[in-house]
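Worksheet: one structure, shown below.
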Amino acid sequence: MSEIKLTATARTEFGKGAARRLRRAHQIPAVLYGHGTQPVHVALPGHETMLAVKQANALFAIELDGTTTLAITKDVQRDVVRQIIEHIDLLIVTKGEKVSVDIPVTIVGESKPGTIHVVETQTLVLEADATQLPTEVQVSIDGLDAGDSVTAGQITLPEGSTLVTEPDHVVVMISIPQGAVDADAEAAAAAEA
């Protein structure tokens, strides 16, 4: 995964008023922390940061005062109504360091005709190298029939990742649509009458 470069500026003002002024100037307040260092309060460029956090588990190269720091997103706070980013927490990482992250689940393939799949878990927690974080975990449901399920332990993980989620945790279940079950029951009852 390539690093997303963002140029940050140090923040000296804090509180609601200062954060609002930053957002009006198209910047996003953020804090960099980790590795036993003091938290560093920064302002990030608004549009570039908004686009960058849309990518799952993006690796940031934050440039501040001529120094580049690698970081991943730990938390993004959004305005509930307008969905604009209000604040970002960034965790400092180093090359070779292992971190636990939520990775989105993507379903591939088709179950048997007449069945549907129900995704029980949208993300899996994996431990991976901070500079090689996977963007998704693919779960194949090819040829599965009603009553079958796929657990976290049955999924082929991206290279270099280990599963943190419980292996017996159900990720996808295959079932028959409720309407189809009712129609079959009605047909059987009509045949008996």
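The values are calculated or read from the model by the stated rules, or taken from the named source; none is laboratory data. All values reported here derive from a predicted model rather than from experimental measurement. Glycine gets a Cβ as well: all are built from the backbone with ideal geometry, and neighbour counts include every protein chain shown. To get the accessible areas, we keep the full protein, side chains included, count just its heavy atoms, and leave off ligands, DNA and RNA. Shrake-Rupley method; radii C 1.70, N 1.55, O 1.52, S 1.80 Å.
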| Long-range HN-HN contacts of H169 with modeled amide H, under 5 Å | A152, G153
| field | Label-reachable residues, the stretch 93-131, where backbone N falls under 19 Å from a point 7 Å from E63's Cα toward its Cβ | value | 93
| Hey, got the dipole for the stretch 8-138? About the Cα centre, +1 on K and R Cβ, -1 on D and E Cβ, debye to the nearest 20? | 560
| Under 5 Å, built H, 5+ apart or other chain: amide partners of L59 | I4
| Dipole magnitude (debye, nearest 20) for the stretch 1-63, charges at Cβ of Lys, Arg, Asp, Glu | 380
| message | Suppose each label sits 7 Å from its Cα in the direction of the beta carbon; what would the V170-K54 distance come out to in nanometres? | response | 3.5
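Would you count, across the chain, every pair of lysines whose alpha carbons are under 20 angstrom apart, provided the pair is eight or more residues apart or spans two chains? Don't skip to the end; give the middle numbers.
Working: K5/K54; K5/K74; K5/K95; K54/K74; K74/K95; K74/K98.
Step by step, the pairs that qualify in the chain add up to 6.
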| task | Using Rg and Dmax of the Cα atoms in Å as the read-out, say which of (i) 17.0, 52; (ii) 22.7, 83; (iii) 15.5, 51 was calculated from these coordinates. | result | (ii)
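Averaged per residue, what accessible surface does the chain expose to a 1.4 Å probe, in Å²? List each step's numbers first, then the result.
Working: 11270 Å² over 193 residues.
Counting only protein heavy atoms, the per-residue value for the chain is 58 Å².
Stick to the Cα atoms of the stretch 13-94, pair each with every other, and give me the Kirkwood hydrodynamic radius in Å at one decimal.
Values: mean 1/r = 0.0765 Å⁻¹.
It works out to 13.1 Å.
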